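> This is the structure I have questions about; it appears just below.
Coordinate-derived values only; no laboratory data. Note that the structure is a prediction, hence the values are computed from the model and not measured. Reconstructed Cβ throughout: ideal geometry from the backbone, glycine too, with neighbour counts over all protein chains shown.
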Amino acid sequence: MKTLIKLPEYRKYKYKPLYYDKRKENLEEKIKKEKDKKEAIKRGEYKPDFKGKFRRSYSKDITKKQKKAANIRLAVILVFLSATAYIIIRKSDIIEKMFSVLISK
C-alpha cells in the first residue's frame, strides 16, 4: 500500500574527516616565514619584526600574571573554607545544644 504523501529522502553526505596536525601546520608556517625573510633580505626589503615579538611576549606575560592571580585567589578561598569548616566542626557541640533547645520547646 503506497502512501498518498511523498516523504523526502534523507540527504546523504560524503564527508571524510581530515586529520589536522597542529604541530605540522606551525612548523610549515615557521618555515615559510623564514624563507620569505631570507628572500626579503636578498632583495633588501627586510624589516625586523621586533614589534610583533614584543607584543607576543607581552601577551604571554599578561596571561602568566592572570593565571598566577587566579591560583592565589583559589588558594585564599580554599584556606577560608577550610578554616570555616574547622570552626563549625569544633563548635558542633554548641550547635547541637542550640538545636536541642529549639526542638525541646
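> Which pairs in the list LYS22/LYS60; LYS33/LYS65; LYS38/LYS64 are over 24 Å apart, alpha-carbon to alpha-carbon?
Those over the limit are LYS33/LYS65; LYS38/LYS64.
> Okay, next question. Can you give the local net charge around THR84? Use residues other than it whose beta-carbon is closer than 12 angstrom to its beta-carbon, Lys and Arg +1, Asp and Glu -1.
Charge balance near THR84 sits at +2.
> Can you give the angle from 0 to 90° between the axis of helix 92-104 and the longest principal axis of the chain, with both taken from C-alpha atoms, to the nearest 10?
The angle comes out at about 60 degrees.
> Round to the nearest 10 and give me the degree value, 0 to 90, for the angle of helix 22-43's Cα axis relative to the longest principal axis of the chain.
40 degrees
> Using only DSSP helix segments of four residues or longer, with each worth -39500 (n - 2.57), what per-residue ellipticity at 222 nm results for the chain after dividing by its residue count and rounding to 500?
-25500 deg cm²/dmol
> Report the Cα centroid-to-centroid distance between region 4-39 and region 72-87 in angstrom, as an integer.
Going from one Cα centre to the other spans 47 Å.
> Scan the chain and report its longest stretch carrying no chymotrypsin sites (Phe, Trp or Tyr not before Pro) that are both in a DSSP loop and have at most 12 other Cβ atoms within 10 Å.
21-105
> Quote the Stokes-Einstein diffusion coefficient, in whole µm² s⁻¹, for the chain, based on the Kirkwood radius over alpha carbon pairs, a temperature of 25 °C and a viscosity of 0.890 mPa s.
107 µm²/s
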